[in-house]
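Accompanying notes for the structure given below.
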Amino acid sequence: MVDGQKMLRRDDLLALDDDDLVALSNRGVVKRSQKDLDEGKVTGDITVADDGTVTVVWSDEVTCTLPPGVTIADSQCTCPKSGIEICRHLVRSVLAYRAWAAENLSEDEAAAPASETWDPGAITDEMLAEHYKKAKLTTQRKKFEAGQVIELVRSFNPTARLHNLGLTVRFLVPGDIRYTRCECDEPMPCSHVPLAVWGFRLLADDQISGIVESHVEVQPVPVETLDAVAETLDDLAELGLSGVSPVVIERLKRLSAACATEGLVWPGAILEDIVNEYERYSQHDSRFSPTSLAELVGELMIRIRAIRGETTTVPSLFVRGGENDRPKSIGTAQLVGLGCGVTIQRDGARLTAYLQDLETGIVVALPRRYPDPKPDSSQEPLAFWQLAGRSALKDIPLHTVGARQLLIKGGRRTANYSYTAGRQPVSAQPQKYQWDRLHPPVLAADFREIWGRHIAQPPASLRPRRLGEDLAVCAVAGVEEAVFDTVNQAVMAVVTDANGEQALLHHPYTTRGHQGVEALLWWLKHHPDDLRYVSGQIEPGRSGLIINPLALVFEVAGERHMVQPWVDTWSGDTTLDARSLADLPSLARDPIRAYPAAVLDAVGELLLIGLGLSLIHI
């Protein structure tokens, strides 16, 4: 039994929830510490001194001392690991103090102070000066004033994504910069925290999220290069991909290199993608898609107009791209699978596996396009699980890539963050789905953070072109309701996070993916309290956040299982039999939603045959 001699509140310790402790140590340490307390394997005598120092003398002959004004990492334990890492005894002491406070303090006093959204911008420069030398703050202030693009979310654990540096700072304890998390290798609080604090001060008081620039410097407009691009697009549209000469294609290649030299990373990458579409077409590659060509040309035109207009509404870094977005070689890395998604196209399907580098936090994608059989063919399109079972990376099926941990040696990351393997072999090993080890911003603290991030984004054609940009992973407390909606022909489930916020899971029924739908619905109905994490692509709904899941992680009897609803097979109980599927109402196409797709299809055909030829036919 835990006793207390003096009732004194330690806000920093009460504010640390289990997820925060996991971020500071790891999931195994937190679970073992909680298990020790729950099973009564150890007991502790808690003493709180007048200055707020918490001392816990444990029955296993270990003593932990947690003074105020220092982090857990700098607190003291008499075990051999003290000073090397945050040992389980210190984590256990924080858990014990929380339980002690609930018993010995009033309900208001024992409440965690992190129960509301807070603003790190309220942290003053005087408070920063307590943790940084003057020279360090001066250096960081110059870096800030030189221009930083920062994506901000005010929430229970506010985040600041420093786009120029490719880092994300998360604040764990209100008003206390000692408890922050960043991908850099510096000890807490790292030198990037002041940049985040100053960034929050630029965000309007009535906004929960937004993208700010610390200094907006109008970038020079490479008029000659943009004019040449526009002229070449005119030729492409006039002649069509079917009639364009190799001279025009060589010009596109040169312009792609010129754009990269001028700092137009994204426009250069789009031009390269257009060249790739031409090569697929000329080689009679079934992966060629006129619709994809139309999307590329349309996006390029939008970005060119934004660059010419020198808009400051969307950061230039988003429109043009930056140094971190250039193609890059990858050395040895551990990539953790986050699931597979499917994009259904008019003449095929694109399957994509997503992975995060455990060291850098960068998300890379492995997209594979599978064309449908020709209309005059007797073959039926393969089910998604069959496509995902094909070799995608060094004889590793795409389904396995999305579910396991890859050990890679070499390779290349393209401008849109797709991964191409090198010559060295790639091994796929089972993962334990310890997704608390993932990095932000992909790993979100709660649904409020995901929502804040999403509403702050500019239109897709003006944001970074990374394939995993709209991907999010979040811990889930449980499933409140899971049904198959026959009107929308989709599995729908209401899920909650640790703060009680709700989101809607939405996964559509498709004939080619019906086995994954069965697996998803069975797991949601039979293990609603065992859902631990969801990874998915985000979109806004009429009543809140919608998550289109790529993978769900359930924990049953201490073992974690992943469900990939797009590409999984299913041999268990069937919820949707053939009769019920046949009775589903056929949805009338929403003309508003269908119109953009129809326009893209038509534009794609025009770009293929050329405006000149199409006018002759007319």
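Yes or no: Glu116 at pLDDT below 90, within 16 Å of Asp45 (Cα to Cα) and surrounded by fewer than 13 Cβ atoms within 10 Å (Cβ to Cβ)?
Values: at pLDDT below 90: yes; within 16 Å of Asp45 (Cα to Cα): no; surrounded by fewer than 13 Cβ atoms within 10 Å (Cβ to Cβ): yes.
In short, no.
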Report task. Tell me, please, whether a residue that is within 22 Å of Leu520 (Cβ to Cβ) and of a type in the set (Phe, Trp, Tyr) can be found in the stretch 450-469. Result -> no
Query - Selection from the stretch 20-36 of residues that are crowded, with 18+ Cβ neighbours inside 10 Å and either among the acidic types (Asp, Glu) or modelled with pLDDT under 80 (or both) - result: Asp20, Ala23, Asp36
Report summary line: Per the filter on the stretch 358-413, residues among the hydrophobic types (A, V, I, L, M, F, W, C) and in a strand (DSSP E or B) are Val363, Val364, Ala365, Leu366, Ala392, Leu393, Ile396, Leu406, Leu407, Ile408
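Only residues that are among the charged types (D, E, K, R), within 29 Å of Asp436 (Cα to Cα) and open to solvent by 40 Å² or more (accessible area, probe 1.4 Å): list them for the stretch 356-394, please.
Taking the stretch 356-394 first, the residues among the charged types (D, E, K, R) are 357, 359, 368-369, 372, 374, 376, 380, 390, 394.
Now narrow it down to the ones that are within 29 Å of Asp436 (Cα to Cα): 357, 359, 368, 394.
Scanning the stretch 356-394 gives Glu359, Arg368, Lys394.
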**Report entry** Test for Asp185: is it closer than 30 Å to Val603 by Cβ and either acidic (Asp, Glu) or not in a loop (DSSP other than H, G, I, E, B) (or both)
**Finding:** no
Report task. Answer yes or no as to whether Ser571 is of a type in the set (Ser, Thr, Tyr), outside any loop (DSSP other than H, G, I, E, B), farther than 30 Å from Arg466 by Cα and modelled with pLDDT under 90. Result -> no
Report summary line: Across the stretch 119-136, the tally of residues that are of a type in the set (A, V, I, L, M) and either under 22 Å from the mean Cα position of the chain (by Cα) or open to solvent by less than 30 Å² (accessible area, probe 1.4 Å) (or both) stands at 2
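Within the stretch 336-344, identify whether any single residue is within 30 Å of Gly263 (Cα to Cα) and hydrophobic (A, V, I, L, M, F, W, C), and answer yes or no. First the steps, then the outcome.
As a first pass, look at the stretch 336-344 and keep what is within 30 Å of Gly263 (Cα to Cα): none.
No: zero hits.
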Query raised in the report: Name the residues in the stretch 37-57 that are within 14 Å of His89 (Cα to Cα) and open to solvent by 10 Å² or more (accessible area, probe 1.4 Å), would you?
Result: Leu37, Lys41, Val42, Thr43, Asp45, Thr55, Val57
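Can you work out which of the residues in the stretch 498-524 that are in contact with a Leu (Cβ under 9 Å, 6 or more places away or on another chain) and part of a loop (DSSP other than H, G, I, E, B) is farthest from Ile538 (Cα to Cα)? Talk me through it step by step, then tell me what you get.
Just the residues of the stretch 498-524 that are in contact with a Leu (Cβ under 9 Å, 6 or more places away or on another chain), to begin with: 501-505, 507, 509, 511-512, 514, 517-518, 520-521, 523-524.
So of that shortlist, the ones also part of a loop (DSSP other than H, G, I, E, B) come out as 501, 509.
On the way: Glu501: 15, Tyr509: 18 Å.
Restricting to residues being in contact with a Leu (Cβ under 9 Å, 6 or more places away or on another chain) and part of a loop (DSSP other than H, G, I, E, B), the top hit is Tyr509.
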Query raised in the report: Within the stretch 142-163, can one find any residue that is open to solvent by 30 Å² or more (accessible area, probe 1.4 Å), part of a helix (DSSP H, G or I), at pLDDT 95 or above and among the basic types (Lys, Arg)?
Result: yes
Report task. Would you confirm whether any residue within the stretch 229-249 is open to solvent by 30 Å² or more (accessible area, probe 1.4 Å), touching a residue at least 40 places away in the same chain (Cβ under 8 Å) and among the β-branched types (Val, Ile, Thr)? Result -> no
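Only residues that are modelled with pLDDT of 90 or more, under 19 Å from Tyr179 (Cβ atoms) and assigned to a loop (DSSP other than H, G, I, E, B): list them for the stretch 60-78, please.
Residues of the stretch 60-78 that are modelled with pLDDT of 90 or more, as a first pass: 60-67, 75-78.
Next, only the ones that are under 19 Å from Tyr179 (Cβ atoms) stay: 64-67, 75-77.
Matches in the stretch 60-78: Pro67, Ser75.
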Report summary line: Within the stretch 272-320, restricting to residues that are free of Cβ contacts under 8 Å to residues at least 12 places away in the same chain and under 21 Å from Pro458 (Cα atoms), the one that is surrounded by the most Cβ atoms within 10 Å (Cβ to Cβ) is Thr311
Query - Residues satisfying the stated conditions in the stretch 19-59, i.e. assigned to a loop (DSSP other than H, G, I, E, B) and either under 13 Å from Ala96 (Cβ atoms) or of a type in the set (Phe, Trp, Tyr) (or both) - result: Gly40, Lys41, Val42, Thr43, Ser59
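Condition check: among the β-branched types (Val, Ile, Thr) and open to solvent by less than 40 Å² (accessible area, probe 1.4 Å). Does Thr496 satisfy that?
On the way: among the β-branched types (Val, Ile, Thr): yes; open to solvent by less than 40 Å² (accessible area, probe 1.4 Å): yes.
So Thr496 fits the description; yes.
The values are calculated or read from the model by the stated rules, or taken from the named source; none is laboratory data. This one's a predicted model, so the numbers in the text were calculated from it and none came from an experiment. Note that each Cβ is placed from the backbone with ideal geometry, even for glycine, and that neighbours are counted across all protein chains shown. SASA here: full protein model, heavy atoms, side chains in, ligands and nucleic acids out. Shrake-Rupley method; radii C 1.70, N 1.55, O 1.52, S 1.80 Å.
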